[in-house]
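The values are calculated or read from the model by the stated rules, or taken from the named source; none is laboratory data. Source: prediction; values computed, not measured. Every residue, glycine among them, receives a Cβ derived from its backbone with ideal geometry; neighbour counts consider all protein chains shown. Please note that ligands, DNA and RNA were not included when accessible areas were found on the heavy atoms of the full protein model with its side chains. Shrake-Rupley method; radii C 1.70, N 1.55, O 1.52, S 1.80 Å.
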Amino acid sequence: MVGLLRLPNELLDIIFGGLDAQSFSALRLTSKYIKLATLPAFISRYFQTRYIMLSRLSLENLMEIARHPDFGPAVKTLELCTDHFVEFPNPYFHTTRHQGDILLTIEEGRCPPAVLVGSIDDAHSSGEEEDQSPGEEGRRTDEGSVSSQASYETLLDKVAYTSLWEEQEYIIMSGLAQAYITQALISLPNIEAAVISNMHRPWGALAHGRQTGLPPTNALDDSMQVQFLGQVLRITLTAIATSGAALSSLAITAGVLSREAIAPDILRPSESHFQYYKNLPPSLTELTLNVSAKATRGAEDRWADDLSAFIGVFRQLTQLDLVITPVDYGPRVDRLKQLAPKLQIPNLQCLGLYRAYCSVQDLGAFIVRHKATLQSVTLVQVGVSGGIGHWRSLFALIRAHLPRLELSIKLCTAAGLVLLCRAEHENGEEFEDSFDVGGSHEAWTTAIEVIETR
């Protein structure tokens, strides 16, 4: 053990980083010297991103961390999870999934994904470092699974569950949740990003599950749950605007499943909230959105207007990652055709488009309209309505107007066939479904010649 402590800190970080949560926790219990030596790795593992939910327990834990001299400065990302309590819980139809990073999920073609949840055990106070031993919250979980339903009917403590639901409603309606988050953002000196998602399990969810016999749900597939998501969105944006925190990034990524993706009318701010959003920090330049290609009933004609109005709130935007989750049934909807003419982002430098179905004419027109500032485009699982000739015409258009543009393509299609790039390797000619093109006129000319579909 003494020999281990004599190693350089860089090597210690590598060693500690390779341990799973249970082994890491056991190591920290061996001696006070090891506990002190592992403190930087402990902080990096459990405090760079904090996952919270709108419960008093979770929000008060966040405040304790924000006030802590070591933990507070380590927090870079605050993720507000949609786990919540419902008025009438039904153990047989109660779903809780924790699926991981949505953009990585799409890029790797995984659904549902299985991703390590980085959090800490609910049973420990956040007041002192010695009480912060990672436990169940930091271990691998069955991320793609739903809660075990059959066992909850007899375990559900309806009184405890109702009490937590009432507390949740009170802290939302009274403004207490917004006050907690605002103060936390003010107190976290190095906060950079905020996320609204149902992809990770928040701190507090396990404790509430043990308390009631039924964990909070993070499903978003009925009107009441969508309404809750709207509340989380308004609370978060108002807290960001009020706190003055110099965030650089906001991601709203709830829902890999098509029935859970957000319809744009949920995003569009009311006039009263729009006044608050005018105070969003100018440092907020990166936006990630996961929206459904399906519109809410009665708002079909407003899909593009609602989405463009929300994106327009972020006046200094330089990077936009947009996921347009397709509908499960029926014909594919070309939403970019409606959106592209309405969306003008004056400072856009990086564009990411995921899972969209569109024509190369609309995609090309949007890219060319931003040629004064646009530097890179990433297309992942984008399907175009025409054949390989359409992709070649898009490349030719970019060559003519933005030859220095860098384009990254992953798992895209043309008329249902996979778009491939022919490449020479040591073992001969190979075809790749993920490739980068662009940077010069000559590179675009070569790309036009080597792409095909299969």
>> If Gln227 satisfies all but one of (1) at pLDDT below 90; (2) open to solvent by less than 10 Å² (accessible area, probe 1.4 Å); (3) closer than 27 Å to Val159 by Cβ; (4) of a type outside the set (Gly, Ala, Ser), what's the number of the condition it fails?
In response: (2)
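Is it the case, given these coordinates, that Leu206 is open to solvent by 10 Å² or more (accessible area, probe 1.4 Å), more than 26 Å from Ser272 (Cβ to Cβ) and aliphatic (A, V, I, L, M)?
Values: open to solvent by 10 Å² or more (accessible area, probe 1.4 Å): yes; more than 26 Å from Ser272 (Cβ to Cβ): yes; aliphatic (A, V, I, L, M): yes.
In short, yes.
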>> I'd like the residue in segment 22-33 that is among the hydrophobic types (A, V, I, L, M, F, W, C) and either at pLDDT 85 or above or within 13 Å of Ser44 (Cα to Cα) (or both) and, out of all such residues, is most open to solvent (accessible area, probe 1.4 Å).
In response: Leu29
> Val323 versus (1) open to solvent by 10 Å² or more (accessible area, probe 1.4 Å); (2) under 20 Å from the mean Cα position of the chain (by Cα): which is the lone unmet condition?
Replying inline: (1)
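Applying the selection to segment 157-184, what residues are open to solvent by less than 10 Å² (accessible area, probe 1.4 Å) and closer than 27 Å to Thr77 by Cβ?
Step one: of segment 157-184, the residues open to solvent by less than 10 Å² (accessible area, probe 1.4 Å) are 161, 168, 171, 177, 181, 184.
Of everything in segment 157-184, those that are open to solvent by less than 10 Å² (accessible area, probe 1.4 Å) and closer than 27 Å to Thr77 by Cβ turn out to be Gln168, Ile171, Ala177, Ile181, Ala184.
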>> Among the residues of segment 311-320, what is the count of those that are part of a strand (DSSP E or B) and either open to solvent by less than 10 Å² (accessible area, probe 1.4 Å) or out of contact with any strand residue (DSSP E or B) (no Cβ under 8 Å at 6 or more places or on another chain) (or both)?
In response: 1
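Can you tell which of Ala423, Ala400 is without any contact (Cβ under 8 Å) to a residue 24 or more places away in the chain and open to solvent by 10 Å² or more (accessible area, probe 1.4 Å)?
Values: Ala423 fails: without any contact (Cβ under 8 Å) to a residue 24 or more places away in the chain.
Going through Ala423, Ala400 in turn, the sole match is Ala400.
How do the helices (runs of 4 or more DSSP H) wholly within segment 1-40 filter down when requiring 1 or more residues that are farther than 21 Å from Pro69 by Cβ and without any contact (Cβ under 8 Å) to a residue 12 or more places away in the chain: which remain? Reasoning before the result, please.
Numbers: elements: 2-5, 9-17, 21-28, 32-37.
Passing ranges, in order: 2-5, 9-17, 21-28.
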>> Conditions first: (1) modelled with pLDDT of 90 or more; (2) exposed (fewer than 15 other Cβ atoms within 10 Å of the Cβ); (3) assigned to a helix (DSSP H, G or I); (4) of a type in the set (Ser, Thr, Tyr). Ser308 passes all but one, so which condition is the exception?
In response: (2)
>> Could you list, ordered by first residue, the pairs with Cβ atoms under 8 Å in which the first is in segment 83-94 and within 22 Å of Arg56 (Cα to Cα) and assigned to a strand (DSSP E or B) and the second is polar (S, T, N, Q) and modelled with pLDDT of 75 or more, at least 6 apart or interchain?
In response: His84/Gln168; His84/Thr217; His84/Asn218; His84/Gln225
> Do we find a residue being under 22 Å from Ala239 (Cα atoms), without any contact (Cβ under 8 Å) to a residue 60 or more places away in the chain and among the aliphatic types (A, V, I, L, M) anywhere in segment 181-203?
Replying inline: yes
